[in-house]
Amino acid sequence: MEEQLKQLQDEAVMKAAAAQDLKELNDVRVAYLGKKGPVTEVLKGMGRLSAEERPKMGALVNVVREAITKAIETKQVSLESEAIQKQLAEESIDVTLPGRPVKLGGPHPLTRVTEEIEDLFIGMGYTVAEGPEVEQDYYNFEALNLPKGHPARDMQDTFYLTPELLMRTHTSPVQVRTMLKHEGKGPVKIICPGKVYRRDSDDATHSHQFNQIEGLVVGENIRMSDLKGTLDAFAKKMFGPDREIRLRPSFFPFTEPSVEVDVSCMCGGKGCSICKGTGWIEVLGAGMVHPNVLEMAGFDSTVYSGFAFGMGQERIAMLKYGVDDIRHFYTNDLRFLQQFSVHE
Ligand code: DAH
C-alpha cells in the first residue's frame, strides 16, 4: 500500500508539472485528490488496517496529499503568472507608433467675420448688445419711423407670427431697445450682431435668413464725420489698409441723412468682375439717427445726435473670402468649411 501511495504521488506531481493550463491542472486535482480519486480510496480502505498500521498509514496519506497539493499550488502560481505575462505582452503598447491625428474644426466663416468686427468695435469702446429674433412690430418698424402702411416696409417683408409679432427683418430694433434702456441719457455706443429674416426666395445672393451687425452711437455732438471716420477704420481693418470708403446719398426711414457705403475694390479701381468695372463695392447702409427715432426712444433730439449703420456678415464674408454663393454658408459642405479651418 505504501508503494502504491508513493507511486500515486510521483504520478500526480509529474502530471501537475506537465499541465499546460489551469484547466488541465484542475483535472489533475480532481483526478488525484477528488472524492472519487485514489487518495480518497486509500483513506476509505484504512478501516481494514490494524490498529498499529492505521496511524502510520494515516500519516503517510497526509504526506502524499500535501505533496500533491503543493505540487498543484506551485504549478498554479507559475501558470497564473505565465498567463499575466502573456496578457501583458499581448496588450503592450508601442509608444513609438505615430498617434492618430485629431481632426480639428475651425470657426465658421460667418463666426470669424462677426468676431473680427466685434473685436474692432470693442477696441473702439463699443459694447455688444443683443435683442430677440422674434420681435414686436413696434420695435422692428414703428419705432424706427416706419409706421404701419409705410411703403419702405415692402422691402423687408417677413414672417409674421401674429399681426404684431414677427421674425425681425434687421438688427435695427436693438437700437431702439438699447436707447430705451438708457432712459434718455447718453452716451450709447453699441454693436449688435444677430440673425435676421426676410421673406425672400433663396438664390446665390439672397437668403430668407442671414446675419447682420448693427452699430449705434448716440451722444452730444456726434457728427457725420464721426460716422465716416469709424467706417473708414472698419473698411481698413476688414479689407486691408489700402482700402478707401465712399458715401453715396440714400434713404432709410430711421436715418437722415442716409448713405450707402462703398469700399474701394481690391482691383485698385481698374475695374473687375467683383466691382463690375466700377472700382467700388457696396458694403453697408448708414446715416445720422433720425430725430423721430431719438425722440420715440426717449432722447431729446435737440441735445443728442447719433449715427447708425447696418451690414450683413454674409456680404462681408463673400467679399473678403471671394465666396460667390451665399448658400455655401448654410449647406455645410466640408470642402467649403475646411478652407476656413485653423490650419492655414
Ligand atoms: N436696417 C437696414 C437694413 O437691414 C440697414 C441699416 C441701414 C441699418 C442704415 C442702419 C442704418 O442702422 O443706419 O437694410
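We did not get these values from a lab; they are worked out from the coordinates using the rules stated. No experiment lies behind these values; they were computed from the predicted model shown. As a convention, Cβ positions derive from the backbone with ideal geometry for all residues, glycine included, and neighbour counts pool all protein chains shown.
Hey, can you tell me all the residues within region 272-295 that are of a type in the set (Gly, Ala, Ser), more than 16 Å from the ligand (Cβ to nearest atom) and crowded, with 17+ Cβ neighbours inside 10 Å?
Start the filter on region 272-295 by keeping residues that are of a type in the set (Gly, Ala, Ser), which leaves 273, 277, 279, 285-287.
Those still in the list that are more than 16 Å from the ligand (Cβ to nearest atom) too: 273, 277, 279.
Within region 272-295, just Gly279 meets the criteria.
Step by step: first the residues of region 151-174, then only those that are assigned to a loop (DSSP other than H, G, I, E, B) and within 13 Å of the ligand (Cβ to nearest atom), then the one that is surrounded by the fewest Cβ atoms within 10 Å (Cβ to Cβ). Which residue is that? Looking at residues that are assigned to a loop (DSSP other than H, G, I, E, B) and within 13 Å of the ligand (Cβ to nearest atom), I get Asp157. Taking region 296-316 as the range and being near the ligand (Cβ under 9 Å from one of its atoms) and not aliphatic (A, V, I, L, M) as the test, the residues that pass are Phe307, Phe309, Gly310, Gly312. Can you say whether Arg177 is basic (Lys, Arg) and either more than 10 Å from the ligand (Cβ to nearest atom) or free of Cβ contacts under 8 Å to residues at least 24 places away in the same chain (or both), as far as the supplied structure shows? So Arg177 passes the test. When we screen Asn221, Asn145 for residues that are within 13 Å of the ligand (Cβ to nearest atom) and farther than 26 Å from Met266 by Cα, the only hit is Asn145. The selection criterion, being within 16 Å of Gly285 (Cα to Cα) and among the charged types (D, E, K, R), does not hold for Asp157. The set of residues in region 255-271 that are more than 37 Å from the chain's Cα centre (by Cα) and either aliphatic (A, V, I, L, M) or within 14 Å of the ligand (Cβ to nearest atom) (or both) comprises Thr255, Glu256, Pro257, Ser258, Val259.
Taking every residue in region 220-248 that is touching a residue at least 40 places away in the same chain (Cβ under 8 Å) and pairing it with any residue that is part of a helix (DSSP H, G or I) and surrounded by fewer than 17 Cβ atoms within 10 Å (Cβ to Cβ), at least 6 positions away or on another chain, the pairs with Cβ-Cβ distances below 7 Å are Met238/Glu116. Any idea which residue in region 191-217 is farthest from Phe307 (Cα to Cα), counting only those that are in a strand (DSSP E or B) and more than 12 Å from the ligand (Cβ to nearest atom)? Ranking the candidates gives Gln209 first. Elements of the type helices (runs of 4 or more DSSP H) sitting completely within region 11-107 and holding at least 1 residues that are touching a residue at least 60 places away in the same chain (Cβ under 8 Å) and more than 30 Å from Gln339 (Cβ to Cβ): these cover 22-33, 53-90. Here Ser250 fulfils each of the conditions (1) closer than 30 Å to Ser301 by Cα; (2) surrounded by 19 or more Cβ atoms within 10 Å (Cβ to Cβ) apart from (2).
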